[in-house]
Every structure is written in structure tokens, then in C-alpha cells.
Amino acid sequence: MSIEALRARLPEYAKDLRLNLGTLAAEPSLSARQLAGTFVAAAIASRNAATTEAIAAEFAPALGAEALAAAKAAAAIMGMNNIYYRFTHLVGGDYKTMPAKLRMNVIGRPGVEKADFELWCLAVSAINGCGACMEAHEHVVREAGLLAEQVQAAVRIAAVVHAVATVMDAEEALAGKNLAAAA
């Protein structure tokens, strides 16, 4: 399935998402690799098979094997880190000073430019709602020279991809039931 096919599957009530998805697929503030990796990492983090399949079909060819692996790794590692660091951030206390004792080697050697990988981690962290991780990754990408417009673009992509995945989940759950037709 292509991104156009995914857009076509979105119901009328999600027209804004359809429009935003099309616009963001051509976002000019990000490099081709940043754009593709952000889409792929966000799709994986959003946990909807149809969304992930369509976005990977559209954007994986622009990444190549090594960058695709890095985008997948960003979604994977942040899936773990966002839970752990959201806990330490929200609970506070001694937990913030205790070593995490979780392997995170891919962050040090992601196989792509560090700023690109960090941008993808930021997008996944936005989806997963980890304030501590969003702050940390935003700081790293800004220090690496990315502009606020580029950070915002990555988070806009994450927001729209996640919303599309939510709609796809809802439509799949309601398929075959009269509730989907009533909408």
C-alpha cells in the first residue's frame, strides 16, 4: 500500500489528516533522509500495521538499508526509554540519580548522522509523551544546528502519523459493525 492508498482509506471525518499527510510528505524544511526517517519512525511508534506498511513502502526506498535500520532502531529504543525516563521524570526522587542499567548502544552508534537519529528519537518521544526525552533530544538537535522549523516539522509529522494510525485502528475495530457506517 502506498501513502496515497492510505490517504484514500481515511474516512471523511479525517479529511484534515488526509490533507496534512499529503502536505507533510513534501515538507521542505527537512532533508529527504530526515523526512523519510521521521515518517518511518513515527509510523512504527504509532503501532498500526496498515499505517506502518504504507509509510514504509513510500519512504523506505529514500533511506537505504542502513538509515532504515536506524529509523527502526529509533522507534525501538525510544519505546523503551520513553517509558523509563517518563517514570523518572514524573516520579522524581532518587530514581533520577540512579543508573538506568538499560542498554542503549544504538544511541551512540546509530549508523546515520547523529542529528538525524536524534530527530527521529524526538518524533517518537512526542508520540510516546515523554517530556524528559523530548527536552533532551530537542536540545541535541538544536545544538547540532537544526532549526526550530525543522524540529516543529518532525513533531508535526509525528502528530499526523499518530492520528492517522488512531483513525486506522478505529476503522479496523469498527469494520463490519454498523458503527463504522454510521460515521
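Quick notes on this structure:
- Candidates E66, E58, E53, E27 - the one that is in contact with a Lys or Arg (Cβ under 9 Å, 6 or more places away or on another chain), charged (D, E, K, R) and either under 11 Å from I157 (Cβ atoms) or at pLDDT 95 or above (or both): E27
- For region 8-17, taking the residues that are surrounded by fewer than 19 Cβ atoms within 10 Å (Cβ to Cβ) and in a helix (DSSP H, G or I), the one that is nearest to the chain's Cα centre (by Cα) is identified as D16.
- Residues of region 39-54 that turn out to be of a type outside the set (S, T, N, Q) and crowded, with 21+ Cβ neighbours inside 10 Å, as a count: 8
Quick grid of which residues meet (1) surrounded by 18 or more Cβ atoms within 10 Å (Cβ to Cβ); (2) in contact with a strand residue (DSSP E or B) (Cβ under 7 Å, 6 or more places away or on another chain); (3) under 22 Å from R47 (Cβ atoms):
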| position | (1), (2), (3) |
| --- | --- |
| V91 | no, no, no |
| D94 | no, no, no |
| M104 | no, no, yes |
| E113 | no, no, no |
| A126 | yes, no, yes |
| H162 | yes, no, yes |
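- Condition check for E27 on (1) out of contact with any helix residue (DSSP H, G or I) (no Cβ under 9 Å at 6 or more places or on another chain); (2) in contact (Cβ under 8 Å) with a residue 12 or more places away in the chain: one failure, at (1).
- Taking the listed residues A57, A62, A36, the one that is surrounded by 14 or more Cβ atoms within 10 Å (Cβ to Cβ), small (G, A, S), under 14 Å from the mean Cα position of the chain (by Cα) and part of a helix (DSSP H, G or I) is A36, with no other qualifying.
- Test for Y84: is it farther than 19 Å from Q34 by Cβ, in contact with a Leu (Cβ under 8 Å, 6 or more places away or on another chain) and free of Cβ contacts under 8 Å to residues at least 24 places away in the same chain: yes
- Taking region 120-183 as the region of interest, the helices (runs of 4 or more DSSP H) fully inside it that hold 1 or more residues being modelled with pLDDT under 95 and in contact with an Asp or Glu (Cβ under 8 Å, 6 or more places away or on another chain) are 178-182.
The values are calculated or read from the model by the stated rules, or taken from the named source; none is laboratory data. Here the structure is a predicted model, which is why all the values come from computation and not from measurement. Note that each Cβ is placed from the backbone with ideal geometry, even for glycine, and that neighbours are counted across all protein chains shown.
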